[in-house]
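What follows is a set of notes on a single structure, which appears directly below.
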Amino acid sequence: MTDTKQPPHALVAGGLGVIGRNVATYLADTLGWQVTALSRRAPDFDTRARYLSVDLLDAETTRGELERAGPFTHVFYAAYQEHDDPVQQVETNLAMLRNCVTGAEAASSGLQRVVLYEGAKYYGAHLGAFPTPACEDDPRVMPPMFYYDQEDWLAQAARGKAWDAVYLRPDVVCGFAIGNPMNLAMVIAVYAAICKELDLPLRFPGTATCYGKLAQVTDTAQLAHGSVWAAEQGKGGRAYNLTNGDIFRWSRLWKRIAAHLDMNPGEPMPISLSEMMADKAPLWEKIKKRYGLVDVPFDKIAAWDFGDFIFHSDWDVITSTTRIRQAGFTRTVDSEEMFLRLIDEFKERKVIP
């Protein structure tokens, strides 16, 4: 007898970000799920996922598009808009989530679960030192913090419904995505390429204190696997920290990166990448032409202010992954090997020389 069971249909919001792109392609191209991904831009790569251009701040249009595209069994919400004003950041990101989920729910009587992506900012990592390893039930920090508003709204919206929500908290997500500069691996790779072009050592651009502290990251492949686990096996209404499952010190990793690139690591030298890279666009254009790199604008290739924050964090950044391991997700990734693999992938895809 032929199996006529239909595959799950995932709605992935933020489908071209470093999280959403990799979740959408893993679900569609590896697992064979039906996938509808939402993004303001069209994909520049081949995938079985269907991409729709939707403005999530437009509630009426979002609802109409999702009614036509649905029904969905799962929503993976990775959309995000940055705003300097934290109050506006809350209002904007909450509105986007609300419009997406209510639209998906209206189109989907069989909706089962919403997976919301948060991060270590939940524990105050953006404010300074915080208690480590941070656990999912640790007290919140002083708002405004849009994660709290999104989580609270989603918990309320799911009450009495057939669907529920799971909250995943990765930290410093690293992977391949073009035009999405919030990617630490890309920051390091582009910084290294510029240093090499200028015949400079690959000096760690942060503080000596940060150089010796413990850090963590999350590989996009790890997050994609964990997302499927959260969708199918995670307990509804619960939050789970999800990282590579290891920790590292920059003082060790940085030397491995330099050796991998055949560069001298030099001594750490705290600089502001935002300031030092402000005049490097013409240099990057020359590098692109010389090595035939993909044409990504310099202001879209790397988030230098993000790198400044990470490399000047003079405290351990560790979240506990005990809960998710005990619940059954035990996959781990070697973070040092991950950085080297991603740098090689950036080279192969002609993003860096």
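In this structure, residue 112 and residue 262 have a Cβ-Cβ separation that, at R0 = 30 Å, corresponds to a calculated FRET efficiency of about 0.05. Within the shell defined by Cβ-Cβ distances under 13 Å, the residues around residue 270 carry a net charge of -3, with Lys and Arg each +1 and Asp and Glu each -1. Rounded to whole numbers, the Karplus 3J(HN,Hα) couplings from phi for the stretch 267-278 are 9, x, 9, x, 9, 9, 4, 4, 7, 6, 8, 4 Hz, using 6.51 cos²θ - 1.76 cosθ + 1.60 with θ = phi - 60°, and x at Gly and Pro.
Among 195, 100, 135, the residue with the largest mean-square fluctuation in a Gaussian network model of the chain, with springs joining Cα atoms closer than 10 Å, is 195. Between residue 251 and residue 322, the C-beta separation translates, for a Förster distance of 30 Å, into a calculated FRET efficiency of about 0.70.
For the stretch 302-353, just say rounded, prolate or oblate: build the C-alpha gyration tensor, square-root its eigenvalues into a ≥ b ≥ c, call rounded for a/c under 1.5, and beyond that prolate if a/b exceeds b/c, oblate if not. Cα axes put the stretch 302-353 in the oblate bin.
Longer than 27 Å from Cα to Cα, which of 286/347; 121/235; 213/350 are they? Say none if no pair is. Don't jump to the answer; show the numbers that get you there.
Details: 286/347 17 Å; 121/235 22 Å; 213/350 32 Å.
Among 286/347; 121/235; 213/350, the Cα-Cα distance tops 27 Å for 213/350.
Looking at the stretch 17-83, the chymotrypsin sites (Phe, Trp or Tyr not before Pro) that sit in a DSSP loop and have at most 12 other Cβ atoms within 10 Å of their own Cβ are 45. For residue 12, the amide hydrogen comes within under 5 Å of the amide hydrogens of 36, 37, 38, 76, counting only partners 5 or more places away or on other chains and with H modelled in the peptide plane.
Spin-label pair residue 59-residue 274: with each label point 7 Å from Cα along the Cα-Cβ axis, the two points sit 3.4 nm from one another. Helix 146-158 and the longest principal axis of the Cα set of the chain meet at an angle near 20°.
A prolate overall shape is assigned to the stretch 14-133, the ratio a/c of its alpha-carbon gyration tensor axes (a ≥ b ≥ c) being 1.5 or greater and a/b exceeding b/c. In plain terms, the chain from residue 44 to residue 102 could stretch by 18.0 nm, reckoned as 0.36 nm per residue minus the Cα-Cα distance. Treating each Cα of the stretch 184-285 as one equal point scatterer and applying the Debye formula with no solvent, the log10 of I(q)/I(0) at q = 0.12 Å⁻¹ comes out as -0.54. Taken one residue at a time, the phi angles of the stretch 190-198 give Karplus couplings (6.51, -1.76, 1.60, θ = phi - 60°) of 6, 4, 5, 5, 5, 4, 5, 5, 8 Hz. Gly and Pro are set to x. Each of 132, 147, 247 was placed along the dipole of the chain (beta-carbon charges, centred on the mean Cα), and the one lying farthest toward the positive end is 247. In order along the stretch 253-265, the phi-based Karplus estimate (6.51 cos²θ - 1.76 cosθ + 1.60, θ = phi - 60°) of 3J(HN,Hα) comes to 4, 4, 5, 5, 5, 4, 5, 4, 9, 6, 10, 7, x Hz; Gly and Pro are listed as x.
The chain: D in µm²/s via Stokes-Einstein (Kirkwood Rh, Cα pairs, 4 °C, 1.567 mPa s)? Using the Kirkwood radius from Cα pairs, D works out to 61 µm²/s. Distance between the C-alpha centers of the stretch 212-266 and the stretch 86-127? Whole Å please. Between the Cα centres of the stretch 212-266 and the stretch 86-127 lies a distance of 23 Å.
Of the trypsin sites (Lys or Arg not before Pro) found in the stretch 47-143, those in coil by DSSP whose Cβ has at most 13 other Cβ atoms within 10 Å are 140. For the chain, what does the helix formula give at 222 nm: sum of -39500 (n - 2.57) over DSSP H segments with n ≥ 4, over the residue count, nearest 500 deg cm²/dmol? The per-residue figure over the chain is -12000 deg cm²/dmol.
Principal-axis analysis of the Cα atoms of the chain puts helix 59-69 at an angle of about 80° to the longest axis.
Apply 1/(1 + (r/R0)^6) to the Cβ-Cβ distance of residue 161 and residue 209, taking R0 = 41 Å, and write down the FRET efficiency to the nearest 0.05. The computed FRET efficiency comes out at 0.30. Between the stretch 294-349 and the stretch 153-188, the alpha-carbon centres lie 14 Å apart. Computed about the Cα centre, the dipole magnitude for the chain is approximately 760 debye when only Lys and Arg (+1) and Asp and Glu (-1) carry charge, each at its Cβ. Taking amide H as placed 1.01 Å from N in the peptide plane, the amide H of residue 239 sits under 5 Å from that of 167, each at least 5 places away or on another chain.
FYI, it's all coordinate maths here, none of it is from the lab. Quick caveat: nothing in here was measured; it's all calculated off a predicted structure. Don't worry about glycine lacking a Cβ; one is built from the backbone with ideal geometry, like all the others, and counts go over all protein chains shown.
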